[in-house]
Structures are given as C-alpha cells and as structure tokens.
1. Which residue pairs have Cβ atoms closer than 9 Å, lie 6 or more positions apart in sequence or on different chains, and pair a first residue in region 81-95 that is within 14 Å of the ligand (Cβ to nearest atom) with a second residue that is modelled with pLDDT under 85 and in a loop (DSSP other than H, G, I, E, B)?
2. Within region 105-123, which residues are assigned to a strand (DSSP E or B) and within 13 Å of the ligand (Cβ to nearest atom)?
3. Quick check on my filter: what residues within region 10-25 are more than 16 Å from the ligand (Cβ to nearest atom) and either at pLDDT below 95 or crowded, with 24+ Cβ neighbours inside 10 Å (or both)?
4. Looking at region 34-47, which of its residues are more than 16 Å from the ligand (Cβ to nearest atom) and under 15 Å from Trp209 (Cβ atoms)?
5. Would you be able to say whether some residue in region 149-169 is more than 14 Å from the ligand (Cβ to nearest atom), modelled with pLDDT under 65 and hydroxyl-bearing (Ser, Thr, Tyr)?
Amino acid sequence: MDLSVYNTLILSDLHLGAETSHAREATRVLKGNRFHRLILLGDIFADLNFARLTKDHWKFLGYIRKLSNPKRNIEVVWVEGNHDHGLANIMSHLVGVRVYQRYAWQYAGLRHIAIHGHQFDGFQVNNVRLSRLGTSLYLKLQKLDFRSKPIVRFIDRLNTRWLRMSPTVSAGALQYARQHEAGRIFCGHTHQALHVEENGIDYYNSGGWVDSRLTYLTIDEQGVRIHEFTGHEFNQHEYDERADNRDSGQERGEADSSFADFADESGLLEDVEYESVGG
Ligand SMILES: [Mn+2]
C-alpha cells in the first residue's frame, strides 16, 4: 500500500455487527496507511446490539482506540450516521473518539465538510427506525441467492430505491456545501463511492464495507482519491484464518474473548499500567 502520509483518510458504512461487514479488511487499510486525520463517516455500527460483534469487529474497535491515543498525534473523528445514532456517548468512552453530527475543517485553502448523508435522503429524515430496518433487510437479502420470482422482484425494487438514493444524496450534499461555502463535501450512507463536480464544488462519497466494492477516500496535496481495497494483500493463510473465524459461532458469543481482542488491539492494558503509575 501507499506509504505517503495523507492529510485525511475517510471510511464509512462498515456496519459492525452485520454478517456482511468487512471489518478485517478495514483494519488492514488503517494499518497499511499513514494519515494525520481519520474520519469515520457514519454507520460504523449496524445497530446497538454489541452481542453481534465478532472477533474482527472488536479488533477494528480496538485499533481505533489505539489510533486515538494522544501519543499518536492523529485526530480521530466519528461522524454520526443513521445507524450510529445515539451511540455518541458510548463510543466516546469506549474508543476515546469525539463524535460529531458533521465535521468541518480547512485544508488546501478550501472549507471541507464531512456529514454522513442520511440528512439528504428524504426517506430517512422522518423515518429513522424504518430505514434502519430497511438497511438490515437489504444487507441480509444481498447475501442470499433467491430463485423465487416475487422475492427477486422485491430485491430489484429495493435495489432500485438504493440506486436512486445516490443521486439524491449527492444533489442534497452539493446544495448544502454551496449554502455553507464549502469547496468539498464528503458523505457515506449510499454504499456507492462517487465523485461529482458541480460549479466548482466537489462531492465525494466514501462508499462502504458491506458490498463487493470496499472503498475509502484519501485527501492530500494531490487532491482527493477514491481507493478500492482489492484484497490482493491477503495470503492463503489469512483467508483460512478468516474462514475459521466465520465458522466459530460459539466463540463469537464469548464476551471475555472479544474483550480480550479489543484490549489487546487497543493497548488497553498498557494504558491501565501507565495510568496507575501516573496516578
Ligand atoms: Mn447510513
């Protein structure tokens, strides 16, 4: 992977807790890149049910906690999505990250705004609960291979609604950027990585980590780039290990083991030691 230091790396829609979440791959992206700022642009969680988090999901959270350690000098920002909604307090304590509804910063002479994007999806605004259910259903159905025609038609309709959401969010975001005098605006939510330029304003969507395309954004002096994680970095051993993790249902339920993974990855035990010496 690229070893240059990015000003900002943006990742969204990991949906931790969902079976389709590619948490392991997302952790590899964070470990394989260097950046001054990390923006988790919403829907990092699928819902509030922590029992559904697998070993890899806890490891991702552990690594976020590690990155947010002040000694690392990386600004880690969590922007709330419609699935993350209400997690702000829990997350700031668990992983030590500040949570925002939207985050704005200045870079390369331009105002940058990061906002999840459900705010621009008319359906979502008045119907958070229903749409949350819709997303989980959509993610579940995507995995299944149906033969039944009515169900296929239903999935097609759901897909169409999903695809229509992408231009709706980009249009709303561009309008929002214009109103707030931003040169660049970043969203997630649609699970489709995208770049749209309109009258000198750039809209970028970071895509997601639940579909076949796994994408993230980087910002540096060369500009903004959409990256696709291809998985070429994997070797067979890691694939096997991953398959093992998916199969071990009992292990997934063991809170002790999950917490150990989280603590291990985050350096939590080192912190405890450090704090007890300092205090
Ligand atoms: Mn969303």
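The values are calculated or read from the model by the stated rules, or taken from the named source; none is laboratory data. Every value quoted in this text rests on a predicted model; they were computed, and no experiment measured them. Here the Cβ positions follow ideal geometry from the backbone for every residue, glycine too, while neighbour counts run over all protein chains shown.
1. Between residues of region 81-95 that are within 14 Å of the ligand (Cβ to nearest atom) and residues that are modelled with pLDDT under 85 and in a loop (DSSP other than H, G, I, E, B), the close pairs are His83/Asp47; Gly86/Leu48; Leu87/Leu48.
2. Ile115, the sole residue that qualifies.
3. Glu19, Ala23 - these are the residues of region 10-25 that are more than 16 Å from the ligand (Cβ to nearest atom) and either at pLDDT below 95 or crowded, with 24+ Cβ neighbours inside 10 Å (or both).
4. Leu38
5. yes
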